[in-house]
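Engineer: Here it is: the structure, laid out below.
The values are calculated or read from the model by the stated rules, or taken from the named source; none is laboratory data. Everything quoted here is computed from the prediction, not taken from an experiment. A quick note on method: Cβ atoms are made from the backbone with ideal geometry, for glycine too, and the neighbour counts reach across all protein chains shown.
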Amino acid sequence: MAFYGLLALGSVLLLTALWRLRPSPVAVLFGVVAGTFLAAYLSLRLGTRRVLDSVDAWELSESRAPAVYDILDELVASMAVDRPRLLVARLGMPNALALATTGRGTLVVDASLFGLLDSAEFEALLAHELAHLERHDSLVQTTALSLAQFVVVTLELILSPVVFLLTGAAVALAWFEGDPRAWAETAPGRARAKIETGLALLGVAATLFLRAHARKREFAADARAAEVTGRPLALASALRKLDRATAPDVGSLSPLWTHGEVPSEEERRLREYLSSHPRIEDRIERLRERAAASAVRIPIE
């Protein structure tokens, strides 16, 4: 009890010192915004560096693939983005990545894409990734994540004295009752668990919101790619090919298939909520609707 009481006292003294040093609300707001952006920038740069270090990528020279750079230059001329570096890697599956590297963006494409996609599909996929760079999606998502983490950590700091006192009371009460391992079942232990559950739910809510926002930005990047290329069905075809190339064959004749491994409807929905990308079917359906809406029809009187 004394140990956790000292921890609670230290938390109170820290919070009191911070309260006494509090600047004006404008300065606090500026500090939060500046700190969030700084943390997001550093996290983005370090994360991008880790991604590049984790893949064996090499820069594709313009002399080796002039047709690819012709496509890239035509897209860049139609979008508000500088010409990115183009790296080729063996990612283990057909995919493309847009990385917000220092100076200019970087596109990483899997080597298999050059044989899997035709020219129009490859152009549409590049346009989708360039749309992420144009909209600074990586920075926006990382900033939102940093802000959510700041809010959760701030609440944890504010509630830390209460949490420490409840923990000490729960442990002491369990010792007095002769069952130290049952401290979580005491009244203070249950109160502490409710606080932790509340903070965890706040973190889950923030995660779900960020994942939903990421899915919206994927739809927006699809729409931007369709707008720039004028061929939404080309992107739909590219997405379908990528999906078929990465999805394992889990039919009843496959050696990977066993009874009981088919996900339930609840598991499928949970995966969708936690995914940063929409379902391929939903993206393809939107692209088809866009193509149908923009089709030129012959009037018949």
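Engineer: Among the residues of segment 54-84, count how many are of a type in the set (Phe, Trp, Tyr) and over 24 Å from Ala120 (Cβ atoms).
Structural biologist: Count: 1.
Engineer: Here's a follow-up. Going through segment 38-59 one residue at a time, which ones are free of Cβ contacts under 8 Å to residues at least 40 places away in the same chain, more than 16 Å from the chain's Cα centre (by Cα) and over 18 Å from Gln149 (Cα atoms)?
Structural biologist: Within segment 38-59, Arg49, Asp53, Ser54, Asp56, Trp58, Glu59 qualify.
Engineer: Take segment 175-197 and flag every residue that is surrounded by 12 or more Cβ atoms within 10 Å (Cβ to Cβ), under 28 Å from Leu13 (Cα atoms) and either of a type in the set (Gly, Ala, Ser) or in contact with a strand residue (DSSP E or B) (Cβ under 7 Å, 6 or more places away or on another chain) (or both).
Structural biologist: Ala184, Gly189, Ala191, Ala193
Engineer: Continuing with this model, one more query. Tally up the residues in segment 72-130 that are among the small types (Gly, Ala, Ser), over 17 Å from Ala238 (Cα atoms) and either free of Cβ contacts under 8 Å to residues at least 40 places away in the same chain or out of contact with any helix residue (DSSP H, G or I) (no Cβ under 7 Å at 6 or more places or on another chain) (or both), please.
Structural biologist: Total satisfying the criteria: 5.
Engineer: Among the residues of segment 1-31, write down those that are in a loop (DSSP other than H, G, I, E, B) and either under 30 Å from Trp183 (Cα atoms) or modelled with pLDDT of 85 or more (or both).
Structural biologist: Within segment 1-31, just Met1 meets the criteria.
Engineer: Under the condition of being at pLDDT 75 or above and either in a loop (DSSP other than H, G, I, E, B) or touching a helix residue (DSSP H, G or I) at 6+ places or on another chain (Cβ under 9 Å) (or both), which residue from segment 243-271 is nearest to Asp137 (Cα to Cα)?
Structural biologist: Asp243
Engineer: How many residues does segment 142-155 hold that are at pLDDT below 90 and over 30 Å from His132 (Cα atoms)?
Structural biologist: 1
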